[in-house]
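The values are calculated or read from the model by the stated rules, or taken from the named source; none is laboratory data. Here the structure is a predicted model, which means the values were calculated and not measured. Every residue, glycine among them, receives a Cβ derived from its backbone with ideal geometry; neighbour counts consider all protein chains shown. Just so you know, the surface numbers come from the protein's heavy atoms only, side chains and all, with ligands and any DNA or RNA stripped out. Shrake-Rupley method; radii C 1.70, N 1.55, O 1.52, S 1.80 Å.
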Protein chains: 2
Amino acid sequence: MMTTSRQIQLAARPVGQPTEASFRLATTEVPELAEGEVLVRNLWMSVDPYMRGRMNDTPSYIPAFQVGAALEGGAVGEVVLSRATTHQVGDHVLHMQGWRDYAVGPAKSFRTVDVSQVAASAYLGVLGMPGMTAWSGLVKVAAMQPGETVFVSGAAGAVGSLVGQLAALRGGRALGSAGTPDKVAWLREIGFAAAFDYHDGVLPQLRAAAPDGIDVYFENVGGEHLEAAIEVLNLHGRIAVCGLISSYNATTPPAGPRNFRQVISKRLRIEGFLASDQAQHQAEFLAEVGPALASGSIQARETIVEGLENAPSAFIGLLSGANTGKMLVRI
Amino acid sequence: MMTTSRQIQLAARPVGQPTEASFRLATTEVPELAEGEVLVRNLWMSVDPYMRGRMNDTPSYIPAFQVGAALEGGAVGEVVLSRATTHQVGDHVLHMQGWRDYAVGPAKSFRTVDVSQVAASAYLGVLGMPGMTAWSGLVKVAAMQPGETVFVSGAAGAVGSLVGQLAALRGGRALGSAGTPDKVAWLREIGFAAAFDYHDGVLPQLRAAAPDGIDVYFENVGGEHLEAAIEVLNLHGRIAVCGLISSYNATTPPAGPRNFRQVISKRLRIEGFLASDQAQHQAEFLAEVGPALASGSIQARETIVEGLENAPSAFIGLLSGANTGKMLVRI
């Protein structure tokens with residue numbers, strides 16, 4: 001029996017904002033399994049901001065996507081055929097062959113996950129890369145301490161919403177910015193002490209929310225947000241630089257913060273990081289976030305787009321803030 | 001007997017580049033000593049880039065200078081009258097009442113220094129605040145390791161020239177930028193593996209000097225230097241932010257680096273610091289730099305301006321790079 005699989009390919013490298021024309025839906029034949037391989041039907045795929053960088057042909061920490069080839073990214077699926085003793089038909093697996101109906105490869109590229117306690121999609125969000133990003137940025141990079149004030153930009157996203165909740169659970173005061181009134185209201189519901197819509201200006205609202213300044217800035221956005229955070233940071237403040245989504249579609253590099261000199265006067269530490277560098281802390285992360293999720297003390301919201309064919313619009317929407325919480329595509 | 005003392009006062013806050021009109025030479029009467037006080041005749045005073053910030057009326061880590069009052073800063077002098085048991089006439093002391101002929105105050109504000117082994121002026125340079133700045137920035141902030149490549153901007157200054165020499169002594173490769181051919185030649189003499197004149201462009205020369213990239217950037221200058229350093233930094237590179245002299249006379253805040261996003265892709269750490277925060281490492285600093293200076297393995301050059309009345313021009317010159325090594329005024 002021949003199986004066909006749809007996949008989303010990169011049709012052309014986007015210049016500025018990606019459009020539907022940047023993507024192409026193609027149908028390919030799934031190859032026969034070799035010994036040691038598995039065939040996986042994808043159930044969920046992730047779209048993440050970092051994928052925008054992979055669409056450019058510039059050197060980075062991860063290879064660029066190739067024009068005419070399928071995109072890649074986190075996905076969860078179910079094993080439907082196995083020629084590996086390690087994987088059974090019916091197993092749920094986490095892997096990097098998203099953007100397609102079926103994935104094939106060596107069994108070791110597919111990590112089995114337990115879906116008896118948590119939804120499969122959680123492994124793409126709060127228990128997966130975005131969760132690890134939030135936790136390690138706050139705990140290991142920013143070294144947040146109880147009693148500190150933590151400002152998170154892009155706070156209604158998969159990463160930001162977890163950062164704020166963790167900061168509150170760890171005895172801090174979480175402040176967040178987001179792009180719609182609904183998102184702002186949700187942030188207040190889930191434990192942010194204050195939240196505001198950045199369209200109304202970042203610095204005045206941040207000053208009002210943080211009369212005693214902030215100690216940690218969790219950076220997801222860049223631009224005006226970064227400058228405002230530097231302005232309001234206290235002595236020995238830390239900036240964990242996770243993302244700069246405001247610039248990902250920029251065609252000319254944006255200028256950095258004009259108040260950079262405060263890095264000296266306030267002795268600030270600014271540190272970029274990737275969750276993938278923090279693998280040694282994986283168990284510690286799961287030990288904190290897993291039970292908090294199970295007990296309901298952490299909320300993990302999802303925005304779900306239906307159908308592989310709509311993955312490009314899900315991704316385009318992600319870059320303009322169409323999601324609240326984790327943006328997912330159900331395949 | 002009434003003693004008079006000349007002092008340099010801030011006549012007006014400079015807007016942009018300070019000029020002679022920013023300063024005023026005044027003569028005042030030295031007050032009678034109270035019990036526990038000393039009278040010190042100043043021999044040397046320091047001019048340092050950080051003083052430019054104190055001439056602005058903006059909040060910072062150190063109070064602004066007051067218009068109409070004497071400036072302050074590091075100085076070394078000789079006790080000429082003492083009403084304190086801790087200080088004898090003839091003692092050499094380090095203190096913060098520079099910019100004047102005589103200093104008066106409680107004895108505890110005047111730290112006695114040993115001038116039997118090193119010149120008194122060394123306590124304003126290589127064994128003083130600039131030395132501690134260089135050492136702590138390289139060793140404690142940037143955490144430089146043997147085998148690493150260290151780029152220093154403003155490398156012919158009091159701080160930069162020591163950073164490069166320490167980096168080389170610690171088994172690293174030091175690269176430096178400076179503003180004249182003479183300075184560049186001197187850097188090569190004292191152990192920099194490569195040095196260049198920044199007027200000929202920073203990035204191309206830095207790339208040529210560092211084909212394998214740099215691991216540490218010791219930032220004294222800002223602007224084009226910072227952007228070039230970010231471009232050439234390796235994964236997990238560190239920037240110790242000591243100074244941003246290129247912007248100190250700016251009347252509008254300059255934009256930050258346009259390639260700031262590399263902070264994430266390269267997982268860079270950028271950290272501002274002041275030597276005054278590093279006091280707990282003072283003994284470790286002296287244990288390394290003192291013997292290296294005495295043995296001649298570290299060169300500490302000085303640019304000496306004669307006469308208190310010329311201190312303003314020494315300071316103005318410092319901001320435009322008129323000095324090689326430590327800029328001092330002999331009073």
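For residue A:323, the conditions (1) open to solvent by 20 Å² or more (accessible area, probe 1.4 Å); (2) assigned to a loop (DSSP other than H, G, I, E, B) are fulfilled apart from (1).
Matching residues to (1) in contact with an Asp or Glu (Cβ under 6 Å, 6 or more places away or on another chain); (2) of a type outside the set (Phe, Trp, Tyr); (3) open to solvent by 30 Å² or more (accessible area, probe 1.4 Å):
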{"position": "A:144", "(1), (2), (3)": "no, yes, no"}
{"position": "A:149", "(1), (2), (3)": "yes, yes, no"}
{"position": "A:163", "(1), (2), (3)": "no, yes, no"}
{"position": "A:166", "(1), (2), (3)": "no, yes, no"}
{"position": "A:170", "(1), (2), (3)": "no, yes, yes"}
{"position": "A:190", "(1), (2), (3)": "no, yes, no"}
{"position": "A:197", "(1), (2), (3)": "no, yes, no"}
{"position": "A:208", "(1), (2), (3)": "no, yes, yes"}
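Within segment B:52-68, residues that are closer than 15 Å to residue B:274 by Cα and within 14 Å of another protein chain (Cβ to nearest Cβ) sit with their Cβ atoms under 7 Å from residues that are open to solvent by 60 Å² or more (accessible area, probe 1.4 Å) and polar (S, T, N, Q), at 6+ positions apart or across chains, in these pairs: B:53/B:60. Pairs meeting the criteria (first residue in segment B:1-24 and more than 17 Å from residue B:97 (Cβ to Cβ), second residue part of a strand (DSSP E or B) and open to solvent by 50 Å² or more (accessible area, probe 1.4 Å), beta carbons under 8 Å, at least 6 apart or on different chains) are B:2/B:29; B:11/B:24; B:11/B:67; B:12/B:67; B:13/B:67.
Consider segment A:40-53 and keep the residues that are under 18 Å from residue A:105 (Cβ atoms) and surrounded by fewer than 22 Cβ atoms within 10 Å (Cβ to Cβ). The one that is farthest from the chain's Cα centre (by Cα) is A:41. Residues that are free of Cβ contacts under 8 Å to residues at least 40 places away in the same chain number at least 3 in the following strands (runs of 3 or more DSSP E) confined to segment B:156-267: B:173-178, B:194-197, B:233-241.
Here residue B:219 fulfils each of the conditions (1) among the acidic types (Asp, Glu); (2) under 21 Å from the mean Cα position of the chain (by Cα); (3) open to solvent by 50 Å² or more (accessible area, probe 1.4 Å) apart from (3). Of everything listed in (1) open to solvent by 70 Å² or more (accessible area, probe 1.4 Å); (2) assigned to a loop (DSSP other than H, G, I, E, B); (3) under 21 Å from residue B:313 (Cβ atoms), the single unmet condition for residue B:16 is (1). Among the conditions (1) part of a helix (DSSP H, G or I); (2) buried (at least 23 other Cβ atoms within 10 Å of the Cβ), residue B:309 misses just one, which is (2). Of the residues in segment B:270-289, how many are exposed (fewer than 13 other Cβ atoms within 10 Å of the Cβ) and more than 14 Å from every other protein chain (Cβ to nearest Cβ)? The qualifying residues number 3. It is to be established whether one or more residues within segment B:281-294 are in a loop (DSSP other than H, G, I, E, B) and more than 19 Å from residue A:271 (Cα to Cα). No, every residue in segment B:281-294 fails to be in a loop (DSSP other than H, G, I, E, B) and more than 19 Å from residue A:271 (Cα to Cα). Got a sec? Which of B:302, B:224 is within 13 Å of chain A (Cβ to nearest Cβ) and at pLDDT 95 or above? When all the criteria are applied, what remains is B:224.
Of all the residues that make up segment B:233-243, how many are open to solvent by 10 Å² or more (accessible area, probe 1.4 Å) and more than 9 Å from chain A (Cβ to nearest Cβ)? Explain how you work it out, then say what you get.
Pass one, segment B:233-243, residues open to solvent by 10 Å² or more (accessible area, probe 1.4 Å): B:234-236, B:238, B:242.
Subset that is more than 9 Å from chain A (Cβ to nearest Cβ): B:234, B:238.
Looking only at that region, the number is 2.
Listed conditions (1) at positive phi; (2) in contact with a strand residue (DSSP E or B) (Cβ under 6 Å, 6 or more places away or on another chain) are all met by residue A:100, apart from (1).
Kindly check whether there is at least one residue in segment A:130-138 that is out of contact with any Ser or Thr (no Cβ under 7 Å at 6 or more places or on another chain) and open to solvent by 20 Å² or more (accessible area, probe 1.4 Å). The answer is no; no qualifying residue exists. Scanning segment B:244-268 for residues that are buried (at least 22 other Cβ atoms within 10 Å of the Cβ) and either at the interface with chain A (Cβ under 7 Å from one of its Cβ atoms) or under 24 Å from residue A:246 (Cβ atoms) (or both) gives B:244, B:256, B:257, B:260, B:261, B:263, B:264, B:268. Of the residues in segment B:134-143, at least one is touching a helix residue (DSSP H, G or I) at 6+ places or on another chain (Cβ under 7 Å), aliphatic (A, V, I, L, M) and not in a strand (DSSP E or B).
Of the residues making up segment A:68-101, those that are in a strand (DSSP E or B), out of contact with any Gly (no Cβ under 8 Å at 6 or more places or on another chain) and not basic (Lys, Arg) number 6.
Against the list (1) part of a strand (DSSP E or B); (2) within 20 Å of the chain's Cα centre (by Cα); (3) closer than 27 Å to residue B:253 by Cα, the condition residue B:65 fails is (1).
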